[in-house]
């Protein structure tokens with residue numbers, strides 16, 4: 001059965017100087033209200049409507065409260081010798097990055113495996129010679145922001161937070177996340193790309209759905225890349241790692257509240273994320289961050305609110321277009337097994353990204369895919385494709401029998417609007433004890449209690465294993481006493 005005809009009027013109208021010009025974004029809204037005016041077999045109508053109704057009812061999200069634990073107890077399992085953190089048995093390390101490390105653990109209460117992200121609350125000093133690396137200061141604030149965002153998010157393509165273990169006396173915070181059994185997305189090997197076109201399309205749709213949900217909620221991820229795409233056991237893709245994410249109520253259609261971290265976000269605008277996935281507007285090192293103006297765009301699309309046409313890339317703006325660019329780089333990586341822009345050093349890479357034209361392998365002839373990549377990787381952030389345009393692009397939906405089902409699934413309006421307030425951020429992590437004497441007392445008390453517990457276990461074990469030996473000794477002494 002052939003798929004219904006899709007209106008492709010949203011597609012590229014002309015290409016001039018490497019910039020892709022797009023028509024109005026109202027096409028998706030029209031396609032949602034009147035999704036299919038094309039002819040299709042009458043026998044499909046009833047079953048299709050029933051499938052859509054069943055799907056809509058089943059998509060209503062539910063979110064249980066994230067568990068918050070304010071005490072942390074560390075020990076070792078007497079049987080396996082594995083480290084225990086509360087009721088979680090640490091199995092192995094599965095990841096490590098600039099924002100912390102991730103370990104696989106088993107919940108001894110349920111037997112289920114989870115992933116525990118361990119982050120240091122303390123600020124780390126900036127290393128000389130690495131000014132373009134992600135800023136390590138304000139570590140606790142980053143943790144607060146990531147937890148506050150994850151506590152509010154619920155989406156089938158966003159990794160779910162289960163528990164936060166946060167002890168005031170501890171220098172670390174433990175974020176218990178759902179275990180992604182499929183692991184990290186493997187997109188290349190020594191021979192190049194390893195994914196089929198059909199698989200790339202499926203992965204891409206999952207990421208678009210999750211990213212559109214985040215943008216609808218006013219969340220800019222700022223580090224979209226294959227390494228932050230994790231797979232479930234059923235090969236469903238979920239977006240992870242919100243360590244440098246940004247939340248702006250105005251981007252979600254909410255009144256703009258006070259932003260106490262504006263200065264830090266200006267700095268992160270230059271440094272957050274992975275260099276190979278930086279948008280051109282982030283590659284300028286001459287952005288004016290001392291003029292007292294807020295460089296955060298208020299646009300609800302890609303950030304085309306300043307009217308400058310995007311030609312002046314010296315004014316860095318944190319917009320949704322940053323994620324769209326990274327999405328385009330990610331798609332290019334999945335298709336061809338390499339990044340679209342490469343250089344010998346990071347400095348050369350930052351110079352190349354804003355000016356180097358996008359090229360394709362000589363044997364690649366898929367014009368629809370080229371059209372999509374040119375739209376995603378448009379240098380001008382104001383002319384760059386939006387996610388609404390991506391959703392109706394022919395290459396994205398070409399293998400779907402009924403695209404309206406995916407449009408309904410990827411529609412973020414079906415989910416509750418997220419509101420991350422300043423109080424949410426401030427209360428996401430308890431304030432670490434700063435008084436050294438009080439901290440020493442608390443830590444010493446915990447260690448003494450744990451030491452007593454281990455000694456008690458050892459004594460019980462010793463008495464149990466040596467009971468028969470003691471009885472023989474007593475009998476021997478008794479016989480010696482009465483015989484002599």
(request) Pick out the one residue from 230, 214 that is part of a strand (DSSP E or B) and under 28 Å from residue 104 (Cβ atoms). (result) 230
(message) For region 188-210, give me each residue that is buried (at least 16 other Cβ atoms within 10 Å of the Cβ) and touching a strand residue (DSSP E or B) at 6+ places or on another chain (Cβ under 7 Å).
(response) 203, 206, 207, 210
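Every residue, every condition in (1) crowded, with 21+ Cβ neighbours inside 10 Å; (2) more than 19 Å from residue 277 (Cβ to Cβ); (3) in contact with a helix residue (DSSP H, G or I) (Cβ under 8 Å, 6 or more places away or on another chain); (4) in the same structural domain as residue 206 (by TED's automatic domain parsing), yes or no:
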{"residue": "330", "(1), (2), (3), (4)": "yes, no, yes, yes"}
{"residue": "336", "(1), (2), (3), (4)": "no, no, no, yes"}
{"residue": "343", "(1), (2), (3), (4)": "no, no, yes, yes"}
{"residue": "358", "(1), (2), (3), (4)": "no, no, yes, yes"}
{"residue": "371", "(1), (2), (3), (4)": "no, yes, yes, yes"}
{"residue": "375", "(1), (2), (3), (4)": "yes, no, yes, yes"}
{"residue": "381", "(1), (2), (3), (4)": "yes, no, yes, yes"}
{"residue": "384", "(1), (2), (3), (4)": "yes, no, yes, yes"}
{"residue": "390", "(1), (2), (3), (4)": "yes, no, yes, yes"}
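The values are calculated or read from the model by the stated rules, or taken from the named source; none is laboratory data. For clarity, every value in this text was computed on a predicted model and none was experimentally measured. Using ideal geometry, Cβ is built from the backbone for each residue, glycine included, and neighbour counts are taken over all protein chains shown.
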